[in-house]
Amino acid sequence: MEKLRPHFPLQEIIRLASNTESVVFTTVARKGAATLGMAVDDMFTVLAALTMRDFYKSMTSYADHTSWQDVYRPLFQGTPLYLKLTIIPERNLLVVSFKRR
């Protein structure tokens, strides 16, 4: 299932991203960023700079149709990125995917 507006408020994503202890990166997300030569600090920089212009769509997880994920497609230093994010019950930001678009 997909929708064209964010499931999670962008302000909440940015607020959570401002606290390194509130962000969890999946192994896939870390590997994707590393492939681009990005450090964890760069990943936090991208998260902090997200805008509504970067929003692409919301979609449910392939594994769980009740779990929503917001997809953003920002640019970072000229590189187009694809980020898939969700907020998990413990009020943490889970970065599911972080790769080149």
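Throughout, read-outs are computed from the coordinates displayed, never taken from laboratory work. Predicted model, so just to flag it, every value in this text is computed and none were measured.
Using the Kirkwood radius built from alpha carbon pairs, what does the Stokes-Einstein equation give as D for the chain at 20 °C and 1.002 mPa s, in µm² per second? Before the final figure, lay out the partial values.
Values: Rh = 13.4 Å.
Approximately 160 µm²/s, per Stokes-Einstein.
Of all lysines in the structure, those lying under 18 Å Cα to Cα from Lys57, and not within fewer than 8 positions of it along the same chain, are Lys3, Lys84, Lys99. Over the chain, dividing the summed -39,500 (n - 2.57) contributions of all DSSP H runs of at least 4 residues by the number of residues returns a 222 nm mean residue ellipticity of -7000 deg cm²/dmol. Considering only DSSP beta bridges where both residues belong to the chain, give the percentage that are antiparallel (nearest 5). For the chain, the DSSP antiparallel bridge percentage is about 85.
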